[in-house]
1. For Trp101 and Arg225, what does the FRET efficiency come to when R0 = 22 Å and r is the distance between their Cβ atoms, rounded to the nearest 0.05?
2. Given Cα pairs under 8 Å that are at least 6 residues apart, what percent is the relative contact order of the stretch 9-244?
3. Points 7 angstrom from Cα along the Cβ direction at Ala74 and Gln247: gap in nanometres?
4. Do any chymotrypsin sites (Phe, Trp or Tyr not before Pro) in the stretch 1-101 lie in a DSSP loop with no more than 13 other beta carbon atoms within 10 Å, and if so, which?
5. On a 0 to 90 degree scale, rounded to 10, what angle separates helix 78-93 from the longest Cα axis of the chain?
6. Looking at the stretch 126-166, which trypsin sites (Lys or Arg not before Pro) are in a loop (DSSP not H, G, I, E or B) and have at most 16 other Cβ atoms within 10 Å?
7. I'd like the orientation of helix 36-54 relative to the chain: the angle between its Cα long axis and the longest Cα principal axis, in ° from 0 to 90, rounded to 10.
8. Helix-only mean residue ellipticity at 222 nm, the chain, DSSP H runs n ≥ 4 weighted -39,500 (n - 2.57), per residue, nearest 500. What is it?
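Any read-out appearing in this document is the output of simple, stated calculations on the displayed coordinates, not a laboratory observation. None of the values given here were measured: they were computed from a predicted structure. Glycine also receives a Cβ, built like all others from the backbone with ideal geometry; neighbour counts cover every protein chain displayed.
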Amino acid sequence: MTTGAAPARRSWLQQIMGMPVSVHVRGPGARTDPCLADVVDAVFAQLREADRLFSTYRDDSEVSRLRRGDLTPARCHPLVREVLELCEEARERTDGWFDAWLPGGLDPSGLVKGWAVERAAALLADVDGLDHYVNAGGDMAVRVAGPAAPPWRIGVEDPRDRSRLLAVREVRCGGIATSGSAARGAHIVDPRTGNRPDDLLSVTVIGPTLLWADVYATAAVARGRDATDWLAARAPDHEVLVVHRPQDG
C-alpha cells in the first residue's frame, strides 16, 4: 500500500514584541509560490508596527504616552482607538475580569497580542491553497485552507513540567491562547484589587478567534479557582483547559 507524500512545509522565525514569533505554512506552494516571502515579510512588519504602537516597555509607544497623559485617546492612531474599543468590549464580556485600565495604569497587553497576531495572520489567507499558523510565544492563530486538508495538531504544554504535553488538540481554524505563571511567574493583575492571583498555574482557551481566546484566558487567570465554570457560562463556544495550583496540606 502506498500513501501520498506529505505536503511541503516552510517556516520563518523572528523575535518581535519580546518573544519568538514563527510563521508556518503547509501545502503545494509552500516552497514555490513567488509571492509567499513578501506576504510573510508583511506579517512580521505588521507585528513590529503593533509593538511600536502598543508596547508598555517603549517610552515612545502610544500606550506609554497615554499612560503618562501625553496623549489622549481621541488623538491616537486609528489602530490604538480600535484596540481601546475592543478593550471596553472585553471588559463587558468578562464581567470586568479583563480590564485594560488597571490600578497601575493602562495595559491592553492581554488583548493586543491576540488581536495583532490574528490580524497579521489574516494576510496569509490571500495565498491560495496554503494552510498556516502564526505562533507568538505559544499563542496561535490557525487556519486550514480547504476541507480536504488535515487539521493542525497543537500541543498544550503542562505548566507543572514544561517538557511534557498536557493535551494535544486538532484545530482547523481559530485561535489557541494560554495564560499563567509557568513562563513568566504571576504577572496577570486582578483589575479589581491590583493583586497578582496565583490560584491557577495555567488556563488554555481554544476558540473561533485568537483575540477572544487570549482575552478569556487572561480573565480566567484573574478570576481564579472557579474559572472553568465561569468560562463555560461566559464563552460556551470555547474549549478550556485549566490547571490549578495544588492546595497546601
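1. 0.35
2. Relative contact order of the stretch 9-244: 17 percent.
3. 5.2
4. Filter output for the stretch 1-101: Tyr57.
5. In the chain, helix 78-93 runs at an angle near 70 degrees to the longest axis.
6. In loop regions of the stretch 126-166 (DSSP not H, G, I, E or B), the sparsely surrounded trypsin sites (Lys or Arg not before Pro) are Arg160.
7. Rounded to the nearest ten degrees, it is 0.
8. The helix-only estimate for the chain comes to -10000 deg cm²/dmol at 222 nm.
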